[in-house]
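All remarks here apply to the structure that follows.
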Amino acid sequence: MNPLRYDLKIIASWIAPGSKILGLGCGEGDLLYWLKREKQVIERGIEIKESKVVKCIERGLSVLQGDINEEIQDYPDNAFDYAICSQTLQQVYEPVALIRSMLRVAKMGVVSFPNFGHVKIRLKLMTSGCAPVTKELPYSWHNTPNIRVLSLEDFKHFADQAEFKILKKAAINTNDGQGKKVTVLPNLFAGHGIFLIGKE
């Protein structure tokens with residue numbers, strides 16, 4: 001099995017053994033598979049791409065194909081301990097509705113996303129005058145799945161507006177699967193943010 005990506009390792013460290021997990025936009029199920037194997041979680045996942053759902057099912061994961069905004073509505077209140085939305089929030093049309101749904105179906109949520117406030121992105125925009133393309137954001141403006149640009153500071157303000165609590169956070173940089181936490185000026189120097197959230 002491939003080693004877990006650094007950002008997923010941090011998320012996994014926040015998950016209690018034996019928990020009930022809902023993975024939103026779970027991709028090929030790397031995190032769900034690791035949590036099921038190493039922490040004996042009870043997993044469910046939602047993924048829109050059929051090929052990725054097939055990969056999840058081949059790994060023995062319980063994942064259905066569909067839009068996370070629609071499919072999450074079928075779950076009852078407090079059905080899970082954690083709802084995880086990793087590297088997907090910036091692709092969601094209605095983030096407030098999704099966060100509220102996450103915290104309806106789960107006691108806590110985990111959200112991670114690329115930090116558009118990173119110094120490299122700011123400099124590329126300033127020097128080139130064009131939409132930045134970086135290792136963390138490898139798409140051009142015309143083919144990117146990212147419909148929202150947000151920084152770590154934006155997410156903190158969003159928490160106040162959408163009325164949820166940030167329980168834990170990590171600002172990180174990654175490089176070839178390795179990574180490190182960023183503690184000095186994270187909104188400027190971190191490539192990604194990871195947040196554990198809960199109800200107000």
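The values are calculated or read from the model by the stated rules, or taken from the named source; none is laboratory data. Quantities reported herein were computed from a predicted structural model and do not represent experimental measurements. Backbone-built Cβ (ideal geometry, glycine too); neighbour counts: all protein chains shown. Please note that ligands, DNA and RNA were not included when accessible areas were found on the heavy atoms of the full protein model with its side chains. Shrake-Rupley method; radii C 1.70, N 1.55, O 1.52, S 1.80 Å.
Quick notes on this one:
- The stretch 87-105: number of residues that are touching a Pro at 6+ places or on another chain (Cβ under 8 Å) and over 19 Å from residue 74 (Cα atoms): 4
- Scanning the stretch 1-25 for residues that are among the polar types (S, T, N, Q) and part of a helix (DSSP H, G or I) yields a single hit, 13.
- Check on residue 31, closer than 19 Å to residue 172 by Cβ and at pLDDT below 95: no
- Here the stretch 30-83 is the region considered, the condition is being closer than 18 Å to residue 108 by Cα, β-branched (Val, Ile, Thr) and in a helix (DSSP H, G or I), and the residue that is most open to solvent (accessible area, probe 1.4 Å) is 68.
- Any hit, the stretch 132-145, residues being in contact with a helix residue (DSSP H, G or I) (Cβ under 8 Å, 6 or more places away or on another chain), open to solvent by 30 Å² or more (accessible area, probe 1.4 Å), hydrophobic (A, V, I, L, M, F, W, C) and outside any strand (DSSP E or B): yes
- If you go through the stretch 93-119 and keep only what is open to solvent by 80 Å² or more (accessible area, probe 1.4 Å) and in contact (Cβ under 8 Å) with a residue 60 or more places away in the chain, you end up with 100, 107.
- Selection from the stretch 150-163 of residues that are open to solvent by 40 Å² or more (accessible area, probe 1.4 Å) and in contact with a helix residue (DSSP H, G or I) (Cβ under 6 Å, 6 or more places away or on another chain): 153
- Only one entry of 23, 27 meets the criterion of being touching a strand residue (DSSP E or B) at 6+ places or on another chain (Cβ under 6 Å), among the small types (Gly, Ala, Ser) and surrounded by 17 or more Cβ atoms within 10 Å (Cβ to Cβ), and that entry is 23.
- Just one residue in the set 166, 194 is surrounded by 17 or more Cβ atoms within 10 Å (Cβ to Cβ), assigned to a strand (DSSP E or B) and under 18 Å from the mean Cα position of the chain (by Cα); that residue is 194.
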